[in-house]
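Read-outs: derived from the displayed coordinates by stated rules, not from any lab. The structure displayed is predicted, hence computed values, not measured ones. For neighbour counting, all protein chains shown are included, and Cβ atoms are generated from backbone atoms with ideal geometry for every residue, glycine included.
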Amino acid sequence: MNKMLELEGISKTFFPGTPNAHKALDQLSLTLEPGDFVTVIGSNGAGKSTLFNVISGMFLPDEGRIRLDGRDITFEKEHKRAAVIGRIFQDTTKGTAPGMTIEENLALAYLRSTGKRSLMGITAADRKLFREKLAQLDLGLEDRLTAKVGLLSGGQRQAVALLMSTLVTPKLLLLDEHTAALDPATAEKVLDITRRIVREQKITCMMITHNISSALTLGNKTIMMDSGRIVLDLQGKERQEMTVPRLLELFKEKVSKDFDNDRTLLGQD
Amino acid sequence: MNIILIGALELGLIYSIMALGLFVSYRMLDVADLTVDGSFTTGAAVCAVVSLTGHPLAGLMLSIPAGMAAGLVTSLLQTKMKVQPILAGILTQMALYSINLRIMGNKSNLSLLGKESVFTLTEGWLPQSMSRLAKLPVIVLMVAVICLLLAFFLKTKTGLSLRATGDNVEMVRSSSIDPHFTNALGLAIANGLVALSGAVLAQYQQYSDLNMGVGMVVIALASIIIGEVIVGRRNIPVHILAVVAGSILYRLFIALALRAASPSDLKAISAAIVALAISYPAIKEMIAVAKLKRKGRVTHE
């Protein structure tokens with residue numbers, strides 16, 4: 001069986017050859033099996049978001065290869081990859097078009113599978129599907145198809161963005177701290193929705209989080225990053241037996257930099 | 001009906017085709033496209049040259065691809081060459097000045113007096129007693145067809161992609177839409193409409209002039225904003241109607257102002273109308289704040 005995602009020796013240096021040169025990714029390799037749900041932890045600047053940016057094609061790596069479901073996508077354009085890679089950001093305004101209605105936003109996402117009918121409007125069948133999917137979110141959005149997304153709350157917008165990314169099942173879903181800007185109750189709700197969609201559609205998924213306990217409870221693998229490398233790869237029994245205090249200990253050991261700066265970023269709640 | 005009113009209505013509708021073009025680029029795509037001053041004249045020039053050979057309808061039709069080509073050049077400069085959007089438009093506009101001169105055979109104006117036009121072709125539509133209104137049905141028909149096509153297009157999935165590019169380019173970049181394609185499409189459509197507007201105007205006033213495009217961007221923006229203030233922008237069809245209404249109202253203001261002032265004051269009056277329309281929301285807010293202050297609800301700012 002094909003691996004879903006294979007990263008081979010990925011390096012990325014920002015501002016090379018200047019005093020500001022910063023090695024964001026350093027010979028990083030990672031393999032994901034289909035259906036893997038990997039949580040990614042690490043301090044700020046460890047290279048987590050850079051990793052996502054390289055996978056989604058926002059910029060090219062300096063070295064290394066990226067394969068998705070057996071296909072080399074190292075040099076593929078961002079919008080081409082986006083047809084099979086879904087991505088949700090921390091900033092709740094990034095994933096949706098605020099001046100357009102909920103159904104128009106969903107129709108855009110649905111384009112991936114209906115691209116050939118690009119000169120058609122939203123059909124009754126589309127609407128029926130959108131309503132069903134929205135009803136599953138349990139946020140009462142199914143009756144507000146023609147409301148502008150800009151009128152929704154951050155949590156609702158994030159849920160719509162999640163729906164857009166998964167309306168056509170992606171090969172890979174990248175969640176970049178997608179609940180960090182929400183209040184705790186809403187964050188929990190959005191996480192629940194995420195968990196359900198990922199499980200039901202068997203989506204291969206990576207999630208960056210600063211919340212150590214959800215890093216351990218969600219998904220089946222956890223990786224810890226530092227200075228552009230993977231310093232800890234937890235899975236199976238080792239992961240099941242891992243506790244939050246023990247992981248924080250490990251974090252201190254593995255991380256090269258002064259930990260004081262990072263303590264606040266790794267809450268235990 | 002008053003002849004001034006009819007004239008304002010006709011001109012307003014003709015210029016509304018251009019305003020609808022800017023509605024696509026400025027409002028939908030969120031790009032300030034200054035190609036317009038050039039592509040308006042391009043449309044008129046192409047139309048005049050083709051009309052002189054006796055093909056008035058072909059003149060109108062050919063003006064559209066000419067304008068679209070200009071829009072594509074601006075788009076390529078913006079997207080592939082990374083030239084700033086405003087500068088990209090200015091560059092194309094500058095180049096178009098020479099190109100327009102070439103199209104018109106190195107003459108700064110071309111007369112279409114006595115030549116066939118879309119208006120002479122339809123002269124017999126209305127009885128003799130209403131000849132003053134004869135041009136109106138043709139223009140109304142054209143604008144109506146354009147409005148319908150535009151409203152339909154913006155609801156299609158391609159249209160939605162174009163609007164999303166203007167609404168949230170961050171989202172578009174991380175979705176499967178190619179923002180370079182939607183930018184090219186939007187600017188092509190916009191300048192195609194602008195050129196068509198210039199072409200219709202050339203046949204209406206029976207001449208084309210090298211400088212007829214000057215100031216068109218400002219007039220179009222004023223029309224869009226006047227329309228939005230008075231009609232609103234609840235949804236796409238309303239927004240489109242607002243642009244057409246705004247364009248007609250702008251011409252009415254100008255016509256009325258000209259009755260009181262001399263034609264040499266025209267530019268100053270136009271500028272004043274535009275400034276007023278654009279600052280209307282700010283003025284409204286000032287008045288609202290002043291009212292609140294009087295009621296004593298706002299104690300400090």
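Points worth noting:
- Taking a straight Cα-Cα cut-off under 19 Å and skipping sequence neighbours fewer than 8 places away in the same chain, the lysines within cross-link reach of B:K135 are B:K115.
- Think of the protein assembly as shown as a dipole: +1 on every Lys or Arg Cβ, -1 on every Asp or Glu Cβ, centred on the Cα centre; then among A:S43, B:Q78, A:V231, B:Q78 lies furthest on the positive end.
- For the range B:169-301, projected area of the alpha-carbon convex hull averaged over all directions, nm²: 13.3
- Less than 5 angstrom separates the built amide H of A:V231 from those of A:M224, A:M225, A:D226, all sequence-distant by 5 or more or on a different chain.
- Counting only Cβ charges, +1 for Lys and Arg and -1 for Asp and Glu, the dipole size of chain B around its Cα centre is about 760 debye.
- The range A:18-148: C-alpha gyration tensor shape, a/c 1.5 cut-off, then a/b vs b/c: prolate
- Convex hull of Cα atoms in the range A:107-212, direction-averaged projection (nm²): 7.2
- Evaluated over the range B:3-214, the Cα radius of gyration and Dmax, each in Å: 17.7, 61
- Per-residue Cβ neighbour rank within 10 angstrom, fewest leading, B:F40, A:F130, A:F15: A:F15, A:F130, B:F40
- Flagged links, alpha-carbon separation over 32 Å, of A:K94/B:K293; B:K267/B:K293; A:K23/A:K202; A:K77/A:K202; A:K94/B:K80: A:K94/B:K293; B:K267/B:K293; A:K23/A:K202
- With contributions of -39500 (n - 2.57) from each DSSP H run of at least four residues, the per-residue ellipticity at 222 nm computed over chain B stands at -24500 deg cm²/dmol.
- Counting neighbouring beta carbons within 10 Å and listing from fewest to most, the residues B:C47, A:C205 come out as A:C205, B:C47.
- Rounded to whole numbers, the Karplus 3J(HN,Hα) couplings from phi for the range B:242-247 are 4, 5, 5, 4, x, 5 Hz, using 6.51 cos²θ - 1.76 cosθ + 1.60 with θ = phi - 60°, and x at Gly and Pro.
- D (Stokes-Einstein, µm²/s), Kirkwood Cα radius, the range A:1-56, 1.567 mPa s at 4 °C: 103
- Values of log10 I(q)/I(0) for the range B:11-83 across q = 0.11, 0.14, 0.21 Å⁻¹ run -0.31, -0.49, -0.95, by the Debye formula with one identical scatterer at each alpha carbon and no solvent.
- The charge dipole of the range A:57-100, taken about the Cα centre with unit charges on the Cβ atoms of Lys, Arg (+1) and Asp, Glu (-1), comes to about 160 debye, rounded to the nearest 20.
- Using all pairs of distinct alpha-carbon atoms, the Kirkwood hydrodynamic radius of chain A works out to 19.5 angstrom.
- In the range A:183-236, trypsin sites (Lys or Arg not before Pro) in a DSSP loop with at most 16 other beta-carbon atoms within 10 Å: A:K202
- Radius of gyration and maximum dimension Dmax of the protein assembly as shown, Cα, Å: 29.0, 96
- Positive-pole candidate from B:G198, B:P127, B:S108, dipole of the range B:69-201, charges at beta carbon: B:S108
- A simple spin-label model places pseudo-atoms 7 Å from Cα toward Cβ; at B:N109 and A:E253 they are separated by 8.8 nm.
- The phi-based Karplus calculation (6.51 cos²θ - 1.76 cosθ + 1.60; θ = phi - 60°) puts the 3J(HN,Hα) values of the range A:223-231 at 10, 10, 10, 8, 6, x, 10, 8, 9 Hz, whole numbers, x for Gly and Pro.
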